[in-house]
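First the structure, in the form of structure tokens, and then the observations on it.
The values are calculated or read from the model by the stated rules, or taken from the named source; none is laboratory data. Computed from a predicted model, the values in this text were never measured in an experiment. FYI the Cβ positions are ideal-geometry reconstructions off the backbone, even for glycines, and counts take in every protein chain you see.
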Amino acid sequence: MFRIVKRLHLDKKFHFKVSFSTYSFTDYFKGFEKVEAVKRIFGEKTDEVLHNLRIEFTPLGGYMGVNGLNGHLIVNPNYLKSGDRLDVYLDVIHELVHIRQFMEGTQLFASNYSYVERPTEIEAYRYAVEEARRLGQSDERILEYLQTSWMSYEDLKKLARTLNVKCN
Ligand SMILES: [Zn+2]
């Protein structure tokens, strides 16, 4: 799937450094330019976008996201280091969809929708779920991926239904 080529050091110095530095996406995530799902997201611009994409590491909460001000990928280094490999991989696919949405000028955090009904989220989850299926993952495993600590069971069911993922 992909390799993480640099080990992260979670000492105070690192925390201090991350707030002022950005890192190259392709230094940390190798091979994404060859993933069909990623090529579908960016088309012929895939290489160029991934080459220019910057990462901001922040240990403060969450897993991964997009900085709505500059389009950088935000990554929690603790998650990158110890998160489930498949979850991390699918999250990268999900966030790359948000990167494209950001580049198109789409409002990523439209507050007139709940999280699980927001069109930008549904599009991002569709790519991640499709990729999980291509990798042969079961609906049960995909549901596990969709479940996050801050999502209610009702919201999880709603999201699963939208994405045609079985939820018992
Ligand atoms: Zn999202």
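For region 140-168, a residue qualifies if it is without any contact (Cβ under 8 Å) to a residue 40 or more places away in the chain, under 25 Å from residue 36 (Cα atoms) and surrounded by 17 or more Cβ atoms within 10 Å (Cβ to Cβ), and the qualifying residues are 142, 143, 146, 160, 165. Of all residues in region 76-90, those being crowded, with 18+ Cβ neighbours inside 10 Å, in contact (Cβ under 8 Å) with a residue 40 or more places away in the chain and hydrophobic (A, V, I, L, M, F, W, C) number 2.
Residues that are of a type in the set (Asp, Glu) and either touching a Pro at 6+ places or on another chain (Cβ under 9 Å) or more than 13 Å from the ligand (Cβ to nearest atom) (or both) within region 116-142 comprise 130, 131, 139, 140, listed in sequence order.
Restricting to region 110-139, name every residue that is polar (S, T, N, Q), more than 22 Å from residue 84 (Cβ to Cβ) and surrounded by fewer than 16 Cβ atoms within 10 Å (Cβ to Cβ). If the condition is that a residue be polar (S, T, N, Q), more than 22 Å from residue 84 (Cβ to Cβ) and surrounded by fewer than 16 Cβ atoms within 10 Å (Cβ to Cβ), then 111, 112, 114 are the ones that fit.
For residue 31, the criteria (1) more than 12 Å from the chain's Cα centre (by Cα); (2) closer than 20 Å to residue 150 by Cα hold in every case but one, which is (2). Can you find a residue that is closer than 21 Å to residue 45 by Cα, away from the ligand (no atom under 11 Å from the Cβ), in contact with a helix residue (DSSP H, G or I) (Cβ under 9 Å, 6 or more places away or on another chain) and modelled with pLDDT of 90 or more anywhere in region 75-88? No; the residues of region 75-88 include none that is closer than 21 Å to residue 45 by Cα, away from the ligand (no atom under 11 Å from the Cβ), in contact with a helix residue (DSSP H, G or I) (Cβ under 9 Å, 6 or more places away or on another chain) and modelled with pLDDT of 90 or more.
When only residues in region 96-115 that are modelled with pLDDT under 95 and within 11 Å of the ligand (Cβ to nearest atom) count, which is nearest to residue 151 (Cα to Cα)? Among those that are modelled with pLDDT under 95 and within 11 Å of the ligand (Cβ to nearest atom), it is 115.
Condition check: surrounded by 18 or more Cβ atoms within 10 Å (Cβ to Cβ), within 15 Å of the ligand (Cβ to nearest atom) and in contact (Cβ under 8 Å) with a residue 24 or more places away in the chain. Does residue 93 satisfy that? The answer is yes for residue 93.
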